[in-house]
Ligand code: 5GP
């Protein structure tokens, strides 16, 4: 699947569309989801052009992969929901059509600030 440069997260990354930024470094950008499903609902996205998790796993460099995972922990800490700063959270990735992915740029959802309930409702 080729990357669609017109997707909404590509536009957020390029600054064409604003976001409520939580954190940014060389590898990731994190911002609040526009339609929060829990008290805290953050998104963490890689800066590289990756459509989904499979694309990322196959094509990202080791540095980018480590950068994204470290970024998730940094954001969770910043939000006070990581294991050492809070009560934990749910990280979720939707992949492709059956996964319910709407935006074709890889993103991790971080849900927290309250119990996240059953895994699949
Ligand atoms: P998906 O279903 O692809 O895993 O999740 C896409 C997420 O992006 C949804 O939770 C949706 O609310 C969020 N979203 C869609 N458009 C925007 C936007 O323009 N800004 C932000 N911050 N989030 C968005």
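Read the figures in this text as sums done on the coordinates, not as results from a lab. Values in this document were obtained by computation on a predicted structure and should not be read as measured data. Backbone-built Cβ (ideal geometry, glycine too); neighbour counts: all protein chains shown.
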Cα pair count fraction exceeding 18 Å, expressed as % - the range 67-121: 40
When 106, 68 are ordered from fewest to most other Cβ atoms inside 10 Å of their Cβ, what list results? 68, 106
Can you compute the helix-only [θ] at 222 nm over the chain? Use -39500 (n - 2.57) per DSSP H run of at least 4 residues, normalise by all residues, nearest 500 deg cm²/dmol. -8000 deg cm²/dmol
Quick one: if the Förster radius is 22 Å, what FRET efficiency do residue 6 and residue 116 give, using the C-beta to C-beta distance and rounding to 0.05? 0.10
Tell me the angle of helix 62-79 to the major Cα principal axis of the chain, expressed in degrees between 0 and 90 and rounded to the nearest ten. 30
Footprinting proxy, 41, 107: sorted fewest to most Cβ within 10 Å, the residues are 41, 107
So what's the gap between the Cα centers of the range 95-121 and the range 4-42, to the nearest angstrom? 15
Provide the convex hull volume over Cα atoms per residue for the chain, in Å³. 107
